[in-house]
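Take a look at the structure set out below.
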Amino acid sequence: MIERRGAAAYEAVPYTSLPYPRTHPDHLCSMARLAGIAAPAVEGAAVLEIGCGSGGNLLPMAAHLPHARFVGVDLAAAELARAPFVPSNVELRATSGTTVEGRFDYVIAHGVWSWIPEDDRRALLAAIRRVLTPTGVAFVSYNVLPGWHLRGAFRAMLRAHTAGRGAGEAVSAAKELLAYLDRSAPRTGAYRAALDEERARLAAADDGYLFHELLEEHNHPVSVETFVAEAGAAGLSFLCEADPLANPTAGTRRALLPLVGDDPIAVERALDWARGRSFRCSLLVREDAPRGPRPGEGWFVETRLERVGDSFRADDVDVQVSPRVAADLERATAVHPDAAPIGALDDEHVALHEAGLLVLRPRALGLSAEGAPTAVARAFAATTELAWVGNRRHEPIALDPALRAALAAPETARPLLHALAFLG
Ligand SMILES: C[S@@+](CC[C@H](N)C(=O)[O-])C[C@H]1O[C@@H](n2cnc3c(N)ncnc32)[C@H](O)[C@@H]1O
């Protein structure tokens with residue numbers, strides 16, 4: 001029977017590997033600098049991804065940052081072997097992230113921490129602290145409570161129903177059980193709402209997600225304060241969430257003051273309770289990382305906001321800004337999908353970034369209509385192993401037949417590749 005734990009589980013059921021923009025060093029650098037940590041320059045950084053799988057996240061990043069150095073580690077050699085192309089600035093190691101050595105400015109552990117045994121979770125945080133440079137930044141994602149109290153009920157049922165079965169058979173049996181629950185559960189009420197949400201999540205995912213999230217042995221959600229305490233025991237401090245929209249605004253903190261006080265982790269916990277959050281992507285820094293003011297210079301802005309009369313608009317959001325910020329937005333709109341440099345950062349830029357209306361970057365991306373797609377993008381397009389590829393903004397773009405053809409013959413499809421941010 002195929003095992004349901006450790007590397008063997010990933011060899012039995014591969015996990016879809018794709019680019020996650022929030023793990024990109026550009027984003028980690030911006031978020032850390034906004035919080036007053038002098039995060040290292042990205043262009044020449046050393047980057048480690050723990051649990052990199054078949055490289056869907058790591059390899060496109062490395063292709064677009066040829067002067068940075070990347071190491072990807074994964075316990076499952078079979079996952080690493082699915083990487084279609086490994087650029088010269090990348091080293092892939094079939095080993096545990098808990099024993100990794102070296103010095104890294106940016107460390108990514110996405111989809112790993114909650115899904116390994118307790119000793120390994122402790123060792124993973126210790127390893128991150130050991131390898132992180134003094135102002136380096138780590139991205140760690142994990143499952144959290146209280147959202148997982150609800151999800152855990154379905155995981156328990158599915159695991160009980162599929163116990164003793166091999167991986168492939170377990171996935172089919174889990175789907176049968178979910179269909180039965182859908183037919184038989186009450187049409188209304190809290191149980192129905194939770195079931196529908198779980199089914200919707202699984203409908204948008206693939207068998208790899210279902211298997212590794214709901215059927216495998218290890219999945220240990222914790223409260224945010226437990227995670228922060230475990231990070232603290234390893235010498236790491238919580239900085240913020242990777243998603244700007246997931247962080248408390250000044251207004252939220254003020255509103256929560258009478259209820260939970262001003263302790264930042266008490267505020268985070270209250271937000272998890274309020275939102276019923278089940279998943280976090282947290283940024284960690286060394287406990288001894290020096291903190292200062294956020295830098296005013298050296299920022300680039302990327303935005304899709306377009307001027308309409310006196311205001312700026314994206315989708316159906318209207319934004320009023322000062323004349324100075326308006327000039328920055330106009331320059332950025334003109335070079336979109338690249339980013340434009342701005343004179344000096346102020347609170348207005350930061351508020352727009354926190355609202356998801358612009359992206360603050362530490363550099364321009366170097367997009368040009370004359371450029372060429374990277375060797376990684378072309379190799380991904382030429383294989384059926386991977387269904388997604390990252391562009392220069394590290395967005396996941398589905399490798400449909402039209403994009404595969406465009407990447408195979410870039411000269412004939414320049415407008416499409418430029419619009420999708422592949423050329424540079
Ligand atoms: C759920 S997948 C996530 C893959 C990828 N990071 C992502 O988010 O798409 C977890 C990956 O972590 C790997 N893994 C598990 N324990 C590990 C460890 N101790 N060290 C390195 N990799 C590990 C697994 O083999 C698997 O490839």
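The values are calculated or read from the model by the stated rules, or taken from the named source; none is laboratory data. All values reported here derive from a predicted model rather than from experimental measurement. Cβ: placed from backbone, ideal geometry, glycine included. Neighbour counts: every protein chain shown.
Going through (1) in a helix (DSSP H, G or I); (2) hydrophobic (A, V, I, L, M, F, W, C); (3) farther than 26 Å from PRO248 by Cα; (4) under 26 Å from the mean Cα position of the chain (by Cα) one by one, ALA351 falls short only on (3).
Reported count of residues in region 78-116, each being touching a Cys at 6+ places or on another chain (Cβ under 9 Å) and basic (Lys, Arg), is 0. Scanning region 297-313 for residues that are touching a residue at least 12 places away in the same chain (Cβ under 8 Å), surrounded by fewer than 15 Cβ atoms within 10 Å (Cβ to Cβ) and over 30 Å from ILE128 (Cβ atoms) yields GLU306, ARG307. Hey, any hits in region 106-125 for a residue that's in the same structural domain as PRO244 (by TED's automatic domain parsing), more than 15 Å from the ligand (Cβ to nearest atom) and free of Cβ contacts under 8 Å to residues at least 24 places away in the same chain? Scanning region 106-125, I find no residue that is in the same structural domain as PRO244 (by TED's automatic domain parsing), more than 15 Å from the ligand (Cβ to nearest atom) and free of Cβ contacts under 8 Å to residues at least 24 places away in the same chain, so the answer is no. Of the residues LEU58, LEU48, LEU80, LEU75, which is closer than 13 Å to TYR10 by Cβ, in contact with a strand residue (DSSP E or B) (Cβ under 7 Å, 6 or more places away or on another chain) and within 12 Å of the ligand (Cβ to nearest atom)? Just one listed residue meets the conditions, LEU80.
Across region 280-292, not a single residue is classified as modelled with pLDDT of 95 or more, charged (D, E, K, R) and assigned to a helix (DSSP H, G or I). Only residues that are near the ligand (Cβ under 8 Å from one of its atoms) and buried (at least 21 other Cβ atoms within 10 Å of the Cβ) were counted in region 94-105, giving 1. Under the condition of being hydrophobic (A, V, I, L, M, F, W, C) and over 24 Å from the mean Cα position of the chain (by Cα), which residue from region 408-422 is surrounded by the fewest Cβ atoms within 10 Å (Cβ to Cβ)? My answer is ALA409. What about GLU91, is it surrounded by fewer than 19 Cβ atoms within 10 Å (Cβ to Cβ), outside the structural domain of GLU354 (by TED's automatic domain parsing), of a type in the set (Asp, Glu) and assigned to a loop (DSSP other than H, G, I, E, B)? No; evaluated as a whole, the condition is false for this residue. What's the total number of residues in region 27-54 that are closer than 22 Å to ASP120 by Cβ and either among the β-branched types (Val, Ile, Thr) or in contact with a Gly (Cβ under 9 Å, 6 or more places away or on another chain) (or both)? Of the residues in region 27-54, 7 are closer than 22 Å to ASP120 by Cβ and either among the β-branched types (Val, Ile, Thr) or in contact with a Gly (Cβ under 9 Å, 6 or more places away or on another chain) (or both).
Scanning region 306-324 for residues that are acidic (Asp, Glu) and either over 21 Å from PRO415 (Cα atoms) or part of a helix (DSSP H, G or I) (or both) turns up ASP310, ASP315, ASP316, ASP318. For region 177-196, the condition of being surrounded by 14 or more Cβ atoms within 10 Å (Cβ to Cβ), small (Gly, Ala, Ser) and within 16 Å of the ligand (Cβ to nearest atom) holds for none of the residues. Can you name every residue in region 46-75 that is crowded, with 24+ Cβ neighbours inside 10 Å, in a loop (DSSP other than H, G, I, E, B) and at negative phi? Selection gives CYS52, SER54, GLY56, ASN57, ASP74. Only one of the numbered conditions (1) closer than 26 Å to PRO87 by Cβ; (2) in a helix (DSSP H, G or I); (3) free of Cβ contacts under 8 Å to residues at least 60 places away in the same chain is not met by PHE380, and that is (3).
Suppose the filter is among the charged types (D, E, K, R) and modelled with pLDDT of 95 or more; does ARG331 pass it? For ARG331, the condition - among the charged types (D, E, K, R) and modelled with pLDDT of 95 or more - is not met.
In this entry, VAL42 is excluded by the filter for residues that are buried (at least 24 other Cβ atoms within 10 Å of the Cβ), in contact (Cβ under 8 Å) with a residue 12 or more places away in the chain and either more than 8 Å from the ligand (Cβ to nearest atom) or among the charged types (D, E, K, R) (or both). For ALA327, the criteria (1) in contact with a Phe, Trp or Tyr (Cβ under 8 Å, 6 or more places away or on another chain); (2) farther than 26 Å from ALA39 by Cβ; (3) part of a helix (DSSP H, G or I) hold in every case but one, which is (1).
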